[in-house]
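The values are calculated or read from the model by the stated rules, or taken from the named source; none is laboratory data. Because the structure is a prediction, the values reported are computed rather than measured. Note that each Cβ is placed from the backbone with ideal geometry, even for glycine, and that neighbours are counted across all protein chains shown.
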Ligand SMILES: Cc1cc2nc3c(=O)[nH]c(=O)nc-3n(C[C@H](O)[C@H](O)[C@H](O)COP(=O)(O)OP(=O)(O)OC[C@H]3O[C@@H](n4cnc5c(N)ncnc54)[C@H](O)[C@@H]3O)c2cc1C
């Protein structure tokens, strides 16, 4: 439970952090809240020889409303998101999601950028940011680029970020009055991490579903947008019959993981049931 030796560097600005990572290369890692990286280092799944502490880079810690988007700095903590009046008013599902993470001590230091970069398939944010159609802003010394969330989660614990890139911002479209969203996780009783989680964002045209983004995590190795389910919902009445029929398509063709706690068949069944619950919650039916 003792990490391998490493050198520690503290960055006071984004530029300083980016210069350090450029100079150090792949042997270095950013340290944000440390709530995933330090445990990984203690069991030696991660062995960076240099840590660049970015936790005090204040310019990456913000939540702001900019036109049709909410912009969230990569170093914003789970707790700040949970308590933010902008998030509670404009994207309440994200505040609820942040509240679901671990306990208050972890939420006080863990960051949304760290969580997304870590790309744990059982984490809370991935299905929510997928459903909300977020955009990730990544920056290196050479360039800044925007990554659509559909392209962001590549494999378990691997996101579309180059070793020298810092996740500086998450952009999330503000919810409109005819858009409904919800998130539910079934957490493991020992760890709190998701066995199954699901988030939806539904756009309504009167009584019908005009658009649907349905996303899952926990029971698959990569959190994903379920396009089959989303497409099925489009044009259908927003009622329980539609939801029940759509639930039959959940996880179709997906390899589902299983373990001693919850085998694959159970998780597949649970995913369908959680989907029904999330839809009912979003549509308030
Ligand atoms: C006991 C416990 C329970 C937990 N329960 C949950 C839970 O229920 N749900 C959940 O979702 N999570 C849970 N977590 C994880 C927690 O949410 C972490 O805060 C989060 O996963 C990582 O954020 P961090 O800021 O701590 O990142 P760190 O641990 O500092 O970094 C994680 C990884 O991301 C990289 N990184 C960090 N920031 C950036 C950035 N801005 N740009 C590029 N790369 C970056 C680091 O180099 C590292 O590889 C739990 C953690 C613990 C210890």
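For residue 33, the stated conditions hold: it is buried (at least 18 other Cβ atoms within 10 Å of the Cβ) and not assigned by TED's automatic domain parsing to the domain that holds residue 164.
Restricting attention to the stretch 253-281 and to residues that are in contact with a helix residue (DSSP H, G or I) (Cβ under 6 Å, 6 or more places away or on another chain) and part of a loop (DSSP other than H, G, I, E, B), the residue that is nearest to residue 202 (Cα to Cα) turns out to be 256.
The strands (runs of 3 or more DSSP E) falling completely within the stretch 142-209 that include 1 or more residues that are crowded, with 18+ Cβ neighbours inside 10 Å and at pLDDT 95 or above map to 153-155, 166-173, 179-187, 194-205. Taking the stretch 86-100 as the range and being touching a residue at least 24 places away in the same chain (Cβ under 8 Å) and within 11 Å of the ligand (Cβ to nearest atom) as the test, the residues that pass are 97, 98, 100.
Taking residue 39, is it near the ligand (Cβ under 9 Å from one of its atoms), at pLDDT 95 or above and either closer than 14 Å to residue 170 by Cβ or surrounded by fewer than 15 Cβ atoms within 10 Å (Cβ to Cβ) (or both)?
On the way: near the ligand (Cβ under 9 Å from one of its atoms): yes; at pLDDT 95 or above: yes; either closer than 14 Å to residue 170 by Cβ or surrounded by fewer than 15 Cβ atoms within 10 Å (Cβ to Cβ) (or both): yes.
The answer is yes for residue 39.
The listed residues are 25, 113, 33, and the only one of them that is under 15 Å from the mean Cα position of the chain (by Cα) and touching a residue at least 12 places away in the same chain (Cβ under 8 Å) turns out to be 113. Going by the conditions given, is residue 24 closer than 19 Å to residue 143 by Cα and near the ligand (Cβ under 8 Å from one of its atoms)? Spelling it out, it is not the case that residue 24 is closer than 19 Å to residue 143 by Cα and near the ligand (Cβ under 8 Å from one of its atoms). Pairs meeting the criteria (first residue in the stretch 207-223 and on the phi > 0 side of the Ramachandran plot, second residue in a loop (DSSP other than H, G, I, E, B), beta carbons under 6 Å, at least 6 apart or on different chains) are 218/122.
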